Structure formats: C-alpha cells, structure tokens
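K.L.:
First the structure, which I've put down as structure tokens, then a few questions once you've had a look.
What follows draws every value from the coordinates through simple rules; no lab data is involved. In this text the structure is predicted, and so the values were computed from the model without any measurement. No Cβ is skipped: glycine too gets one built from the backbone with ideal geometry, and neighbour counts run over all protein chains shown.
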Amino acid sequence: MGGNHSHKPPVFDENEEVNFDHFQILRAIGKGSFGKVCIVQKRDTKKMYAMKYMNKQKCIERDEVRNVFRELQIMRGLDHPFLVNLWYSFQDEEDMFMVVDLLLGGDLRYHLQQNVHFTEGAVKLYICELALALEYLQRFHIIHRDIKPDNILLDEHGHVHITDFNIATIVRGAEKASSMAGTKPYMAPEVFQVYVEGGPGYSYPVDWWSLGITAYELLRGWRPYEIHSATPIEEILNMFKVERVHYSSTWCKGMVALLKKLLTKDPESRLSSLGDVQSAPYLADMNWDAVFEKALTPGFVPSKGRLNCDPTFELEEMILESRPLHKKKKRLAKNRSKDGTKDSCPLNGHLQQCLETVRKEFIIFNRDKLRRQQGQTSQLLDTEGRAGSQTQGKLQDGCNNNILGHTCSRGCSS
C-alpha cells in the first residue's frame with residue numbers, strides 16, 4: 001500500500017495556493033464560538049498546526065462572517081511569541097479555514113477545571129508574558145476585548161499565548177459599542193457603563209482589567225466578582241460600586257499591590273501599559289529580555305503524556321457531526337458531480353448570493369509565501385519585538401477595508 005513511495009512527502013508548487021488537500025487531519029481538539037479546531041500536519045513539510053474551520057452557511061445564518069473576516073484581517077498582520085499566530089487561511093465550498101500555531105498545553109480554563117494550583121511564581125511570569133503581548137497589540141492599535149483563561153493557551157513548556165481575535169477591534173477612538181455580552185465576568189466597569197449610561201467609551205485599559213481578573217482567578221480558583229453571563233448589567237454596576245475585592249492573606253504584598261492596580265475601576269488610574277507593569281515593585285527583579293526570549297522556566301508545565309483538552313471533541317466529530325472533516329474530499333466530489341445533474345437542489349437565491357460574497361471577499365493568507373516575497377528570515381521580530389513596516393501597513397490599510405463593512409442587501413453581514 002504505497003510501496004516505497006509512502007515515506008516520501010508530496011511536493012507542492014511554491015506558487016500554488018495552500019488548500020485543504022495540503023494537510024492531513026489527525027484529530028479534533030476543540031471548538032470555539034463559531035468554529036471547530038483539529039490538529040493537522042502539512043503533508044510536504046510534516047509541520048504540525050492547529051486548524052480552525054468554520055462552516056460558511058452556518059456563519060451566514062448566525063451573522064458571524066464579519067467576525068471571521070475581522071479575525072483574519074487582524075491576525076495576518078501579527079507575529080509575536082505570546083500570540084497564537086496565523087500561518088495560512090483558505091476556503092472551499094463548505095468552510096473557511098485558519099491554520100495557526102499548534103499549542104498542546106491546553107488552555108488555562110481546562111487546567112483550572114482540572115484543579116491545577118497555580119503558584120504566585122507561575123502567575124507572575126504569566127502576567128509578564130501577557131503584558132508583552134498586550135503591549136504589542138497596542139502598538140497596532142488593537143484591543144483584544146476577550147482576555148480570559150479560555151483564550152490563553154499553553155505551549156508544551158508552559159508559556160502562555162493569546163488566541164481568539166474574533167471580537168478584537170482596531171481602535172479608531174474610544175469604543176462605544178461592544179460585542180462582548182458572553183464575556184461579562186472579565187469585562188471592565190467602563191464597558192458596562194457604555195451599555196447603560198452611554199459613558200465616554202473605553203480603550204486599551206479594558207484588556208489590562210481582564211488580565212487582572214484572569215490572574216486573580218488563577219491564584220484563587222474563582223473570580224473576584226460573582227459575575228456570570230446572565231447577570232444583569234445594572235446588578236453588575238452596583239456590584240462594582242458596593243463590593244470590595246478580597247485578596248488572600250497568603251499572597252505576598254507585592255502581588256496584591258499589582259492586582260489592585262490592574263483591578264482599579266477608574267481606567268485612567270489603572271495599570272494599562274507595559275511601562276506601567278514594569279514599574280511595579282513586585283516585578284522589579286524580572287529580566288524582561290529573558291521573558292521575551294522564553295528563557296525563564298514557567299512554574300507550571302502541562303502534561304506531555306496526553307492531550308490537554310476535553311476528549312469528547314473527538315467523539316463529537318466522529319459520531320455527531322453530520323459533515324465530518326475527514327470525509328470532506330469524497331463529499332465535495334459527490335456534490336460537484338451532482339451540480340451537473342438535473343436532480344441537484346440549488347440553494348435559495350439570498351443564501352447563494354451571500355456564499356458568493358464570502359467566496360469573493362475571503363482573505364487568503366500564506367505566511368511562508370509572504371516571507372519569501374519579502375526576502376525575510378524565519379524570524380519576523382527582532383529582540384525588541386518590532387514588526388516590519390509592511391506588516392503594520394496591512395493593519396492600517398485594514399481599517400478602511402470594505403470586507404469589514406460589507407453587508408448583504410437583506411441584512412446578512414459578511
């Protein structure tokens with residue numbers, strides 16, 4: 001079966017667009033707000049990645065195409081050691097695909113659910129690594145808006161990486177609207193004020209508040225405020241007014257002081273930049289160059305003997321999924337043959353129009369190809385974390401990109 005050629009990787013034309021056939025699907029590992037994630041291996045290089053795939057029709061029906069395009073628009077211009085970086089994006093008739101760094105350490109939510117005890121030393125390093133990532137995003141005028149344990153992945157050595165940019169935004173001023181209804185427990189007070197009082201808006205400090213909430217939860221096992229997705233906004237605002245955050249007496253004074261600065265309700269007084277964090281006495285002993293280079297050993301290293309994720313994702317894909325990924329090639333071939341017969345059932349006109357719009361405006365990306373074109377080495381960042389001017393230009397151009405503003409004539413945002 002395959003003879004002597006089975007061990008030879010296939011050769012793909014460098015100028016050919018990367019597509020689904022370039023990857024071997026290994027197993028499902030998770031699902032997000034509007035997509036699923038699996039481990040894949042690129043057939044020619046044998047490199048491993050995570051591949052997120054989103055069904056086009058479902059995204060149209062749920063009005064989520066805009067979020068997919070926003071995430072692609074932002075991620076294609078970013079490259080940082082503490083982000084989950086985009087490598088390829090492509091599409092076929094059914095799905096949109098994003099191929100990103102594979103991080104096998106699991107997300108912090110999973111480890112909290114496994115009752116992992118994170119030491120102060122571990123959380124201290126996480127704060128530093130995440131601060132470097134947030135500072136990098138600020139340079140490109142980006143607010144992530146969804147910093148929480150669920151969106152922070154660990155690599156095999158225990159370093160943190162921010163993922164899920166689908167509700168991130170490129171700042172054009174104080175933000176006055178938000179799509180963060182599902183992330184209430186980590187939202188800053190000023191965001192709720194926008195909802196209820198129309199407040200002055202919010203900006204970068206919201207991510208640093210979320211960092212403070214996340215650090216507190218990692219240390220204590222629960223959040224400082226009893227806020228859930230269903231908690232009414234008026235109740236949340238009252239909670240901020242009357243309740244005080246309780247810090248454990250076992251934590252060192254430096255950590256408590258740092259968390260208090262991150263959880264300051266007034267955004268103008270809150271720590272909200274890398275410089276602010278670096279000036280904290282608790283972090284005076286940190287070697288920031290070593291942090292950036294991942295030269296410091298994290299206090300928690302995830303298990304290497306198993307996947308650090310819920311195993312039911314694999315079962316759902318194999319048993320419950322009506323259009324499993326591993327059968328895609330045969331399914332698409334069958335659909336294409338049907339298209340030429342009289343028995344084929346065309347989609348309704350509006351849906352077909354939306355699918356065509358998605359096909360035309362989807363952002364195709366290939367980081368390897370981009371690097372070859374730019375004549376760069378494999379390392380896009382220097383030791384100071386500066387990105388090339390062409391990358392920054394892409395994000396700035398994206399502010400006015402019609403992809404993010406396009407709306408179908410009948411309200412189907414794409």
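K.L.:
Could you line up MET286, MET255 from fewest to most neighbouring Cβ atoms inside 10 Å? Before the final figure, lay out the partial values.
P.N.:
Values: MET286 18, MET255 22.
Least to most surrounded, the residues fall as MET286, MET255.
K.L.:
So, by mean Cβ neighbours within 10 angstrom, what's the order for 114-124, 133-143, 237-247, 221-231 with the highest one leading?
P.N.:
Details: 114-124: 15.5, 133-143: 19.8, 237-247: 11.7, 221-231: 13.3.
Going by the mean number of other Cβ atoms within 10 Å, highest first, we get 133-143, 114-124, 221-231, 237-247.
K.L.:
Just check segment 146-251 against the gyration tensor rule for me: Cα atoms, a ≥ b ≥ c as the square roots of the eigenvalues, rounded for a/c under 1.5, and otherwise prolate or oblate depending on whether a/b exceeds b/c. Walk me through the intermediate numbers first.
P.N.:
Details: a/c = 2.05, a/b = 1.16, b/c = 1.77.
Oblate, because a/c is 1.5 or more while a/b does not exceed b/c.
K.L.:
At what distance in angstrom do the alpha carbon centres of segment 9-24 and segment 211-249 lie from each other?
P.N.:
Using only Cα atoms to place each centre, the spacing works out to 48 Å.
K.L.:
Right, here's the next one. Taking square-rooted eigenvalues a ≥ b ≥ c of the alpha carbon gyration tensor, is segment 201-242 rounded, prolate or oblate, where a/c under 1.5 means rounded and, failing that, a/b exceeding b/c means prolate? Could the numbers behind the result be given before it?
P.N.:
Working: a/c = 2.05, a/b = 1.13, b/c = 1.82.
Oblate shape, in that a/c is at least 1.5 and b/c is the bigger or equal ratio.
K.L.:
Each residue of segment 18-30 in turn: what ³J(HN,Hα) in whole Hz from Karplus with 6.51, -1.76, 1.60 and θ = phi - 60°, glycine and Pro shown as x?
P.N.:
Here the 3J(HN,Hα) series is 5, 9, 4, 5, 7, 10, 9, 7, 9, 6, 7, 10, x Hz.
K.L.:
Which whole-number percent gives the relative contact order of segment 108-292, counting Cα pairs below 8 Å spaced six or more residues apart?
P.N.:
Relative contact order of segment 108-292: 24 percent.
K.L.:
Under a crude label model (7 Å from the Cα following the beta-carbon direction), how far is MET48 from LEU351 in nanometres?
P.N.:
3.8
K.L.:
Would you please give the FRET efficiency between LYS294 and LYS31, computed as 1/(1 + (r/R0)^6) with r the Cβ-Cβ distance and R0 = 25 Å, to the nearest 0.05? Before the final figure, lay out each step's value.
P.N.:
Working: r = 28 Å, r/R0 = 1.13.
That gives a FRET efficiency of 0.30.
K.L.:
By per-residue mean of other Cβ atoms within 10 Å, what is the highest-first order of 303-311, 82-90, 36-44? Each step should come with its number before you reach the end.
P.N.:
Details: 303-311: 13.4, 82-90: 21.8, 36-44: 19.1.
Most protected by this proxy first, the peptides run 82-90, 36-44, 303-311.
K.L.:
OK, next. Using the count of nearby Cβ atoms within 10 Å as a rough guide to exposure, how do TRP251, TRP208 rank from fewest to most? Kindly include the intermediate steps, with their values, before the conclusion.
P.N.:
Details: TRP251 17, TRP208 25.
Final ranking by Cβ density, sparse to dense: TRP251, TRP208.
K.L.:
Could you give each residue of segment 184-201 its phi-based ³J(HN,Hα) in whole Hz, using Karplus coefficients 6.51, -1.76, 1.60 with θ = phi - 60°, and x for Gly or Pro?
P.N.:
Karplus-based 3J(HN,Hα) across segment 184-201 equals 3, x, 10, 7, 6, x, 5, 5, 5, 5, 5, 4, 8, 9, x, x, x, x Hz.
K.L.:
Let me ask something else about it. State whether segment 108-292 is rounded, prolate or oblate according to the following rule on the C-alpha gyration tensor (a ≥ b ≥ c being the square roots of its eigenvalues): a/c under 1.5 gives rounded; otherwise a/b larger than b/c gives prolate, and the remaining case gives oblate.
P.N.:
Details: a/c = 1.44, a/b = 1.26, b/c = 1.15.
Because its axes are fairly even, with a/c under 1.5, segment 108-292 counts as rounded.
K.L.:
Report the one residue of PHE140, THR183, CYS128 whose Cα lies farthest in the direction of the positive end of the charge dipole of segment 108-292 (charges on C-beta: Lys and Arg +1, Asp and Glu -1; origin at the Cα centre).
P.N.:
Going by the Cα projections, it comes out as THR183.
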